[in-house]
1. Would you point out which residue out of Tyr106, Tyr113 is at pLDDT 90 or above, aromatic (Phe, Trp, Tyr) and in the same structural domain as Lys48 (by TED's automatic domain parsing)?
2. If the requirement is being β-branched (Val, Ile, Thr), crowded, with 18+ Cβ neighbours inside 10 Å and closer than 19 Å to Thr120 by Cβ, which of these qualifies: Ile94, Ile68, Ile59?
3. Return the residues of the stretch 88-115 that are at negative phi and over 15 Å from the mean Cα position of the chain (by Cα); say none if nothing qualifies.
4. Could you list, in sequence order, the residues of the stretch 85-139 that are in a loop (DSSP other than H, G, I, E, B) and in contact (Cβ under 8 Å) with a residue 40 or more places away in the chain?
5. Please tell me if Thr36 is modelled with pLDDT under 85 and either outside any loop (DSSP other than H, G, I, E, B) or within 14 Å of Tyr136 (Cα to Cα) (or both).
Amino acid sequence: MKRLKKNLILFILIVTLSSLYYGCDSKHQNQTQSKTNFIDSNNIRSFKIHNVNGEVKEIKDKSDRDNIIDLVNSVKIAKSNVEPRDGIGYGVIITYSNGSKFSASYLSSIMSYTVDDKSTWCEINKNITNELKHYYDKN
């Protein structure tokens with residue numbers, strides 16, 4: 001009987017410690033994801049913004065680029081792998097000097113982003129289309 005109690009306590013302890021470890025690990029992953037920058041501001045060769053019709057404008061002004069980068073990087077993913085949707089939106093297309101590409105389109109609180117030809121649709125924590133429209137119209 002004592003051996004059974006001892007084994008039961010040991011089992012509960014292992015389960016508790018495992019739960020704590022994996023719980024902390026998932027919290028760490030969520031914190032890491034929320035700190036992820038979509039756009040690296042270094043070594044950008046081409047910086048473009050597009051409207052829903054696919055019309056593209058080059059953003060050459062460094063201040064505008066920095067503001068757009070801050071805006072895009074401020075977005076937090078609320079839910080990944082949502083269904084694609086249609087709507088009015090704007091987006092960015094970044095080409096780095098090493099040839100890698102990043103693009104993202106924003107439709108209200110939905111974002112589709114592509115890194116090197118792999119696309120993901122997500123729900124995001126805010127709608128940034130009006131700010132992107134401002135920079136599109138300005139340039």
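1. After ruling out the rest, the residue left standing is Tyr106.
2. Ile94
3. Hits for the stretch 88-115 are Ile88, Gly89, Tyr90, Thr95, Tyr96, Ser97, Asn98, Ser100.
4. Ile88, Gly89, Ser97, Asn98, Asn125, Lys126, Ile128, Asn139
5. Criteria not met by Thr36.
The values are calculated or read from the model by the stated rules, or taken from the named source; none is laboratory data. Predicted model only: the values in this text are computed from it and were never measured. Positions of Cβ are backbone-derived with ideal geometry, glycine not excepted, and every protein chain shown enters the neighbour counts.
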